[in-house]
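Student: Below is one structure. I have some questions about it.
The values are calculated or read from the model by the stated rules, or taken from the named source; none is laboratory data. Just so it is clear, the model here is predicted, and its values are computed rather than measured. For neighbour counting, all protein chains shown are included, and Cβ atoms are generated from backbone atoms with ideal geometry for every residue, glycine included. Side chains are part of the model used for accessible areas, which takes the heavy atoms of the whole protein and leaves out ligands, DNA and RNA. Shrake-Rupley method; radii C 1.70, N 1.55, O 1.52, S 1.80 Å.
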Amino acid sequence: MLKRSHRLLLFPLLASALAACDSANSPSSVYEYTTLGAYSADISIDGQYAVIGSQEEGGSLWDIKKNARLFDWNHRKGERSIIAESGFSPEAGFAVTANQQDLVLWHTLTGKPEWFWSSPGEILDLALSPQGDYALLGLGNHEAVYFDIKNGGVKRTLRHQGRVRGVDLSADALTALTGSDDYKTTVWNLQSGEQLQQITLDNIIDVVALTPKGDKAFSASNLDKAIIWDTKTGEVQQTLSGTDGFFPKRVSYVAARFSNSGEQLLTGTAAGLIQLWDSNTGKELNRWRAHKRDPYGPTSTSVYAVGFGSGEYFAIGSNGIMNILK
């Protein structure tokens, strides 16, 4: 172990070396969506909307093209809610916001709430079905539940051996993907509740993503490997992490989204790196570094959400800043 004085001397040298080796591009433009920072964020599949759970202003819906705040979305009148998770339906007509225990379904066009519900467990992640009919909730009680968010009640319960930190749905909501603290990532048939495929990684699963067709999955474990795999066969097609050059590449991916075609994958890390991948070959096509409020500070911003636009890409950082990437 290095003595404290040596660690203090070595840190700037390591930081400088890493910065010199960082070939990431800067965002083409940035916009402040919160004044201090964010608890959570999500971007609609069409790249039209963003929902932010901010530290200072509570929840809100934004128009990305106009970079305009459309509605304040808080769970109680006169209060600023702590929005820990959020998501959009595939066609972006509905959005859901959640704290650890409660969730609200909203109309994106009017900003009005459809209904308010209490969850059967602590909400760690969520995904919304077409037309906002159901929400797949990853829970702290070792379950993922397919919840009828318009009428109430659990339609399907998917049991795990650990906390369910990551969930996603195919566009037709027939296939679900989960990732849990037992190091397992699982593909499910939502109609029957049957386990279709399962892969065990070497650490807690932080984030998962499905292609709209549900034929490919992305699963990433904490400070370990990230994989793209075939949901029909369970075969790992690409591994995105490993040893890279002089420094071991130990990455924590915390955000991921496939393109509509499934041919590309956009990821974001806890250290603020955004990467665009060819999902068929695993080749990195581009990389960007999320904007920091203090460019000279030692702390980077984590990437809370990524999304595809028309000829551009989006990423929202934990500092509440929207990054436009080209």
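Student: Roll a 1.4 angstrom probe over the protein heavy atoms and tell me the percent of accessible area of the chain that is carbon or sulfur. Display every interim value, and only then the final one.
Tutor: Values: 7450 of 15010 Å².
In the chain, the share of accessible area belonging to carbon and sulfur is 50 percent.
Student: Okay, next question. Can you give the convex hull volume of the alpha carbon atoms of the range 34-161 per residue, in Å³?
Tutor: Details: hull volume 12.5 nm³, N = 128.
Here the figure is 97 Å³ per residue.
Student: Report the local net charge at Thr231: Lys and Arg +1, Asp and Glu -1, summed over other residues whose C-beta lies under 15 Å from its C-beta.
Tutor: On the way: positive: Lys184, Lys213, Lys216, Lys232; negative: Asp168, Asp172, Glu194, Asp215, Asp230, Glu235.
Residues close to Thr231 contribute a combined charge of -2.
Student: Tally Lys and Arg at +1 and Asp and Glu at -1 over the other residues with C-beta under 9 Å from the C-beta of Glu85: what net charge comes out? Could the numbers behind the result be given before it?
Tutor: Numbers: positive: none; negative: Asp42, Asp125.
Net charge in that neighbourhood comes out at -2.
Student: What list of whole percents do you get for P(r) of the chain, with Cα-Cα distances grouped in 20 Å bins up to the one holding the largest distance?
Tutor: Cα pair-distance distribution for the chain, in percent: 34, 58, 8, 0.
Student: Which of the residue pairs Lys283/Lys326; Lys292/Lys326; Lys150/Lys213; Lys184/Lys225 have a Cα-Cα distance greater than 20 Å in the structure shown?
Tutor: Values: Lys283/Lys326 18 Å; Lys292/Lys326 18 Å; Lys150/Lys213 25 Å; Lys184/Lys225 13 Å.
Violating the 20 Å Cα-Cα cut-off are Lys150/Lys213.
Student: Find the centroid of the Cα atoms in the range 70-86 and in the range 105-136, then give the distance between the two in whole Å.
Tutor: Each part reduced to its Cα centre gives a spacing of 13 Å.
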